[in-house]
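For reference, the structure is listed below as structure tokens.
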Amino acid sequence: MGDVLAFIGCFILFLVGLFLLGLAPTLPAWEGVVFFGGIVCIALSFGIPVGVLGHTE
């Protein structure tokens, strides 16, 4: 059950990152910060399952 919740959480984090990447061009004053936040969210969504959760056999 924990793996399923981790997958759902990481998938939501990935979608938030995509949303931030799409939102960034519409915010002239904060576009760099929002774009960087999107990159960080997507990187974490891939890094959490690989680094924190480990490998299941």
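The table below gives the values:
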item	result
Expected 222 nm ellipticity per residue - DSSP helices of 4 or more, -39500 (n - 2.57), all of the chain, to 500	-23500 deg cm²/dmol
Within the accessible area of the chain (1.4 Å probe), percent carbon and sulfur	79 percent
Label point distance in nm, M1-L23, each placed 7 Å from Cα along Cα→Cβ	3.2 nm
Per residue value of the accessible surface for the chain (all protein chains in place, 1.4 Å probe), Å²	75 Å²
Three semi-axes of the equivalent ellipsoid, the chain, Cα gyration tensor, whole Å, largest first	28, 10, 6
Rel. contact order, % - alpha carbon contacts under 8 angstrom, at least six apart, the chain	40 percent
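The values are calculated or read from the model by the stated rules, or taken from the named source; none is laboratory data. This one's a predicted model, so the numbers in the text were calculated from it and none came from an experiment. Ideal geometry is used to build each Cβ from the backbone, glycine not excepted, and the neighbour counts take in all protein chains shown. Each accessible area value is taken on the protein alone, full model and side chains, heavy atoms only, with ligands, DNA and RNA left out. Shrake-Rupley method; radii C 1.70, N 1.55, O 1.52, S 1.80 Å.
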